[in-house]
Amino acid sequence: MAKINGTYVSLHKACDDYPYYKGNLEFNDTLCLADYFEKAGSLDRSDTYQFRGIDFTNKEASASKIPETEALFAGRIPDKALLFTESNSAHHLTYFYVKKAARHLLNGDKLLVVNFDQHEDTGGNDSIFYCGSWGGNRICNTVGCDYLVVGKDMGTAKLYTGEGHGTSYPTDSLTSIYEKYNKIYVTVDMDVLTCGSDVTRTNWGSGNMTLKQLGEHLAELPANKLVAADITGFPPVNSEKYECGHDLLNSYINDIRDTSVALCNLMGIPPFID
């Protein structure tokens, strides 16, 4: 099987704890962060991943861990890369991917972070760092980028510039927004996609966007501006949700693969490596 040309960011010491190393998906590289992050609850629950040994609500302790985690990615990930975060309970890892990408901006460059997600990830206190608070004004003010979330409300996107609660735009006007930026970073949370049965896609449910609609949105992105991307929100592990059989799991895997191919093509890197 050809390997997806991306880095799989594992949050468990044993890759077999997650189903994608059992012949379903294989990746070109793996970065294990099990020594740095742990889940607040069981794997099937929606609790966020937190710094190991530190409650994510302890803002001072969490803040002390952020520089150390930034350093993990400094020399480990290629400049133009596709990353996979296995659980969207750890979507805040995108914060570190974006900070790495922003280091290579030239003077005058303006970076736009585009998040395809059924959640804005702008909730909670900005000083508390977790999967639901990394976006919006937090990342704008710490990285110096703008932040656009697409998918929470179908037909409407919201743009944050670090100056308030965000401005809504119709999704058919996104190309005019992209024109204003030199560089673009894309993160796709698979929970933005709809699910055709009573089974949720990820730990955080399922959205309303079809895979076709996501593909159309990705096709609107200016390929020459895309600097890096990530995909998060793989299906939950060890879940009763999979009693419905392998067809549903395989459909999720195919959606992840199709999305990764689209992002690689946009970045001008081969989607697969033998």
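Based on Cα contacts under 8 Å between residues 6+ apart, the chain shows a relative contact order of 21 percent. Under 10 Å, Cα contacts only: if you run a Gaussian network model on the chain, which one of Leu226, Leu174, Leu148 comes out with the highest mean-square fluctuation? Between Leu226, Leu174, Leu148, it is Leu174 that shows the largest mean-square fluctuation. With a 10 Å cut-off between alpha carbons and a GNM built on the chain, which of Gln50, Gln213, Gln118 moves the most? It is Gln213.
Extension gain for Asn141 to Asn24 (0.36 nm times residue separation, less C-alpha to C-alpha distance): 38.2 nm. When the charge dipole of the chain is built from unit charges on Cβ atoms (+1 for Lys and Arg, -1 for Asp and Glu) and taken about the Cα centre, the candidate among Tyr130, Asn115, Asn141 whose Cα reaches farthest toward its positive end is Asn141. DSSP finds beta bridges in the range 94-239, and of those with both partners inside it, around 35 percent are antiparallel.
Only Cα pairs under 8 Å and 6+ residues apart enter the sum, and on that basis the relative contact order of the range 28-115 stands at 20 percent. When the surface is traced with a 1.4 Å probe over the full set of protein chains, Glu68 keeps roughly 90 Å² accessible. The antiparallel fraction among DSSP beta bridges confined to the chain stands at about 35%.
Placing unit charges on the Cβ atoms only, positive for Lys and Arg and negative for Asp and Glu, gives the chain a dipole magnitude near 660 debye about its Cα centre.
Evaluating 6.51 cos²θ - 1.76 cosθ + 1.60 at θ = phi - 60° for every residue in the range 84-101, the Karplus couplings come out as 10, 9, 4, 10, 6, 6, 10, 4, 5, 5, 4, 3, 6, 4, 5, 4, 5, 4 Hz, glycine and proline recorded as x. Roughly how far apart, in whole Å, are the Cα centres of the range 169-233 and the range 43-70? Taking the Cα centre of each part, the range 169-233 and the range 43-70 sit 26 Å apart. Overall, the range 45-179 carries a charge dipole of about 360 debye about its Cα centre when +1 sits on the Cβ of Lys and Arg and -1 on the Cβ of Asp and Glu, all other atoms neutral. When the listed pairs Lys65/Lys100; Lys13/Lys59; Lys180/Lys212; Lys158/Lys180; Lys152/Lys212; Lys158/Lys212 are checked against a 19 Å cut-off, the alpha-carbon distance exceeds it for Lys13/Lys59; Lys180/Lys212; Lys158/Lys212.
Protein heavy-atom accessible surface, 1.4 Å probe, per residue over the chain: 42 Å². Loop-resident trypsin sites (Lys or Arg not before Pro) (DSSP state other than H, G, I, E or B) in the range 69-156 with no more than 16 further Cβ atoms inside 10 Å of their Cβ: Arg76, Lys80, Arg103, Lys110. The charge dipole of the range 111-164, taken about its Cα centre with unit charges on the Cβ of Lys, Arg, Asp and Glu (plus for the first two, minus for the last two), comes to roughly 40 debye.
The values are calculated or read from the model by the stated rules, or taken from the named source; none is laboratory data. Predicted model only: the values in this text are computed from it and were never measured. FYI the Cβ positions are ideal-geometry reconstructions off the backbone, even for glycines, and counts take in every protein chain you see. Surface accessibility is based on the protein's heavy atoms, side chains included, excluding ligands, DNA and RNA. Shrake-Rupley method; radii C 1.70, N 1.55, O 1.52, S 1.80 Å.
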